[in-house]
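Accompanying notes for the structure given below.
The values are calculated or read from the model by the stated rules, or taken from the named source; none is laboratory data. Fair warning: this is a prediction, and the values are worked out from it, not measured in the lab. All Cβ positions, glycine included, derive from the backbone under ideal geometry; neighbour counts span all protein chains shown. Side chains included, ligands, DNA and RNA excluded: accessible areas come from the protein's heavy atoms. Shrake-Rupley method; radii C 1.70, N 1.55, O 1.52, S 1.80 Å.
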Amino acid sequence: MSESLHEPWLRGIAFNPAAPSEVLIRLLDRAAGGIGPLMCEGRDLPDAVVDAALRHPDRVVRRALARNRHVDPTRLAPLATDPSGIVRGWLAGGPRPRPRWVRPLPDDVLVTLLTAQDGGEDGMVTEQDIIAELDSSRQIPLSFHCSLAGREHPELRMRATWRWQLLTPAEREALLDDPDPAVREAAQDHSWELDPERVEARLPSIGSLSKGFVLGTCALSRALVEQCFADGTVRPLTWNRHTPADAVARLARHPEPAVRALVAARPDLGADLVAELREDPDENVRRRARLHPVPRTWAEYWAIERVIGQIIGHGPDCTCPITEPTPEPSPDWYAACAASEEPELRRVAASWPLLPAVLVETLAQDDDEEVRIRLACHHPLAPPHLLLDVFVTRPAHREHLLTLPAFPRTGRTHLIGHPDPEVRALAAADPALPEPPVDDPDEAVRRAAAANPSLTPQALEPLLADLRTAEGAAANPSLPAARMHALLDRCLTGGAAATPPPAAEGRGTTPGQ
């Protein structure tokens with residue numbers, strides 16, 4: 001057999017779900033080239049392999065493990081104190097490519113990364129570089145942010161001041177009177193957000209990209225509000241909870257329908273303004289006023305805005321990050337949305353991952369396609385048949401759907417003749433398929449077919465010898481462990497394997513594996 005088969009064999013074995021630990025540990029050998037790091041980053045790993053990767057002398061292996069989204073993050077905790085700052089930075093940065101929903105790191109790992117005094121012995125990054133990676137990674141859960149004001153370490157209490165408006169009045173007072181002078185200084189520096197005169201004084205020095213944030217979140221002076229009306233920058237005022245009542249009334253009667261629509265769902269609108277906007281000449285304004293019954297809360301306002309609003313804006317193919325809502329509306333409110341006659345509100349309910357099972361079952365059959373799509377992408381109890389339907393009809397969501405535990409691994413054989421190769425590849429991996437299409441013209445379909453566990457070890461031998469199917473056959477769980485070792489003997493003793501493409505470009509997996 002040609003040495004050209006070595007790389008596909010190695011790649012296939014690296015992602016073979018039945019490969020025992022001793023086989024996978026052999027792939028950490030330098031003779032396997034880049035296959036070991038590719039494996040450490042791209043698949044779930046047995047504990048013995050995780051332990052071997054954590055102790056590996058090559059930081060390339062450890063840093064690949066740091067980005068693994070399949071391994072329990074508590075197992076990755078030792079990497080937070082890895083001698084290499086590069087490894088710590090990759091752990092802080094999270095998986096790549098970044099999934100829609102990022103699993104948070106444990107609190108003790110977060111504390112270690114955020115309070116480190118150095119950037120590692122290799123001197124290639126600083127502790128601040130690592131923290132910057134963590135801040136943008138979405139691996140810090142809301143619960144951790146909410147706990148910062150009461151943390152023992154002063155550095156963490158200083159970070160609490162960065163979200164000044166989310167703190168309770170008692171937490172703000174405590175930070176302003178903190179025993180650590182650096183924390184008191186940070187609290188005083190951030191308290192300007194709720195002081196209208198300080199906001200007005202600081203705004204001219206704030207960059208243009210941040211001015212919208214200030215106008216949409218901070219307490220504004222009367223002069224600043226008037227300036228917004230004068231220069232036509234009133235949109236941020238429509239969602240700023242500190243906007244004065246008389247300014248809100250002016251916005252509700254603004255000549256631009258888009259502005260009136262943004263105001264129409266505010267929680268602090270009086271009954272007279274709500275009634276007026278429900279009769280607005282613009283249909284979108286009437287819809288926004290109608291959707292959100294009185295009384296309202298800001299939490300409900302933002303829950304709706306995240307799904308259908310003009311501020312953020314979404315559609316059926318939206319692949320925005322799935323994050324925790326801040327703050328969270330009540331379960332009863334979500335239940336009411338699920339039963340609403342308005343499809344937009346049912347979309348909001350379908351986006352809440354804690355919706356009760358009985359409501360999930362109802363929304364899975366909703367007439368509105370976007371309700372079903374949102375349910376499939378956001379709710380862990382979404383039925384497998386719905387996940388499969390969305391996979392077939394909405395390619396934008398395929399990568400995310402394949403990561404969900406409930407995604408069906410069988411019942412896909414009816415799709416084997418589908419014109420879309422991605423869909424055929426999914427069907428080709430179904431163990432119930434009588435004859436996996438190993439001769440399909442598409443490479444991904446052939447690979448998935450060759451990895452189909454319905455194939456016998458005897459049937460795999462000619463596929464292992466064919467460059468078109470070798471990788472899939474090596475990834476087949478029917479391949480005996482002894483045969484895997486024999487293939488590795490040929491590859492690892494016959495010279496280093498060719499370096500595969502970077503992990504970010506391909507992980508060697510096939511749909512359904």
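Here are some notes:
- Only a single criterion out of (1) in contact with a helix residue (DSSP H, G or I) (Cβ under 9 Å, 6 or more places away or on another chain); (2) at pLDDT 95 or above; (3) open to solvent by 20 Å² or more (accessible area, probe 1.4 Å) is not satisfied by residue 230, namely (1).
- Selection over segment 143-179 of residues that are open to solvent by less than 40 Å² (accessible area, probe 1.4 Å) and either at pLDDT below 95 or over 12 Å from residue 107 (Cβ atoms) (or both) gives a count of 9.
- For segment 87-114, the set of residues classified as open to solvent by 30 Å² or more (accessible area, probe 1.4 Å) and β-branched (Val, Ile, Thr) consists of 111, 112, listed by residue number.
- Among the residues making up segment 441-453, those that are part of a loop (DSSP other than H, G, I, E, B) and open to solvent by 50 Å² or more (accessible area, probe 1.4 Å) are 441, 453.
- In segment 100-124, the residues that are more than 13 Å from residue 135 (Cα to Cα) and touching a residue at least 24 places away in the same chain (Cβ under 8 Å) form Cβ pairs under 6 Å with partners that are of a type in the set (A, V, I, L, M) and assigned to a loop (DSSP other than H, G, I, E, B), at six or more places apart or across chains, as follows: 100/322; 101/322; 119/125.
- Tallying residues that are within 33 Å of the chain's Cα centre (by Cα), surrounded by 15 or more Cβ atoms within 10 Å (Cβ to Cβ) and of a type outside the set (A, V, I, L, M, F, W, C) within segment 233-264 yields 7.
- Selection status of residue 349, of a type in the set (Gly, Ala, Ser), more than 30 Å from residue 42 (Cα to Cα), part of a helix (DSSP H, G or I) and touching a Cys at 6+ places or on another chain (Cβ under 8 Å): yes
- Pick from segment 399-418, criterion over 14 Å from the mean Cα position of the chain (by Cα) and part of a helix (DSSP H, G or I), ranking: surrounded by the fewest Cβ atoms within 10 Å (Cβ to Cβ): 414
- Those residues of segment 221-257 which are among the acidic types (Asp, Glu) and in a helix (DSSP H, G or I), in sequence order: 226, 231, 246
- Among the criteria (1) part of a loop (DSSP other than H, G, I, E, B); (2) surrounded by fewer than 19 Cβ atoms within 10 Å (Cβ to Cβ); (3) acidic (Asp, Glu); (4) without any contact (Cβ under 8 Å) to a residue 60 or more places away in the chain, the one residue 185 does not fulfil is (1).
- Selection status of residue 431, modelled with pLDDT of 95 or more, open to solvent by 20 Å² or more (accessible area, probe 1.4 Å), in a loop (DSSP other than H, G, I, E, B) and farther than 20 Å from residue 392 by Cβ: no
- The condition (being closer than 29 Å to residue 482 by Cβ, of a type outside the set (Val, Ile, Thr) and surrounded by fewer than 22 Cβ atoms within 10 Å (Cβ to Cβ)) is satisfied by just one residue among 12, 34: 34.
- Considering residues of segment 190-220 that are outside any helix (DSSP H, G or I) and buried (at least 17 other Cβ atoms within 10 Å of the Cβ) only, the residue farthest from the chain's Cα centre (by Cα): 220
- Elements of type helices (runs of 4 or more DSSP H) in segment 1-104, at least 3 residues being within 26 Å of the chain's Cα centre (by Cα) and closer than 25 Å to residue 123 by Cβ: 35-42, 59-66, 85-93
- Taking the criterion of being in contact (Cβ under 8 Å) with a residue 40 or more places away in the chain and of a type in the set (D, E, K, R), the only residue of segment 236-283 that qualifies is 241.
- Among residues of segment 129-166, those that are assigned to a loop (DSSP other than H, G, I, E, B) and closer than 29 Å to residue 99 by Cα, counted: 6
- Residues being under 17 Å from residue 444 (Cα atoms), in contact with a Pro (Cβ under 6 Å, 6 or more places away or on another chain) and open to solvent by 10 Å² or more (accessible area, probe 1.4 Å) - total across segment 455-496: 1
- When segment 327-346 is limited to residues that are charged (D, E, K, R) and assigned to a helix (DSSP H, G or I), the one that is most open to solvent (accessible area, probe 1.4 Å) turns out to be 332.
- Matching entry among 276, 324 (being open to solvent by 10 Å² or more (accessible area, probe 1.4 Å), over 30 Å from residue 139 (Cβ atoms) and of a type outside the set (Gly, Ala, Ser)): 276
- Which numbered condition residue 223 misses (of (1) small (Gly, Ala, Ser); (2) at pLDDT below 95; (3) open to solvent by 20 Å² or more (accessible area, probe 1.4 Å)): (2)
- Residues (surrounded by fewer than 16 Cβ atoms within 10 Å (Cβ to Cβ) and touching a residue at least 40 places away in the same chain (Cβ under 8 Å)) located in segment 358-396: 369, 396
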